[in-house]
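Working notes, beginning with the structure itself.
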Amino acid sequence: MIRNLWGPEDLASYLKVPVATVYQWRHKGYGPCARKIGRHLRYRPDDVEAWVVGLEA
């Protein structure tokens, strides 16, 4: 089953960081894996959760 994809605003809200931080992470190659769909960035919630868990290790 495919869950809804998140945009940068959704990711920022989930992580409680500014949207600009999400774009800075992307520019620096940091942060959860993102996919480009057309010209839009999208994040899979499972990838975001896996990234957060990886930070705790």
Cα pair distances exceeding 17 angstrom across the chain, given as percent: 31
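In debye, nearest 20, what is the charge dipole magnitude of the chain about its Cα centre with +1 on Lys and Arg Cβ and -1 on Asp and Glu Cβ, if you could check? Walk me through the intermediate numbers first.
Values: 9 positive and 6 negative charges, 67 e Å.
Dipole about the Cα centre, nearest 20: 320 debye.
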In Hz, Karplus ³J(HN,Hα) per residue of region 39-50 (6.51, -1.76, 1.60; θ = phi - 60°; x = Gly, Pro): 9, 10, 7, 9, 10, 7, x, 5, 5, 5, 5, 5
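Taken together, the values in this text are just the output of simple stated rules run on the coordinates, not laboratory data. Quick caveat, the model's predicted, so the values are computed rather than measured. Here the Cβ is made from the backbone with ideal geometry for all residues, glycine too, and neighbour counts use every protein chain on show.
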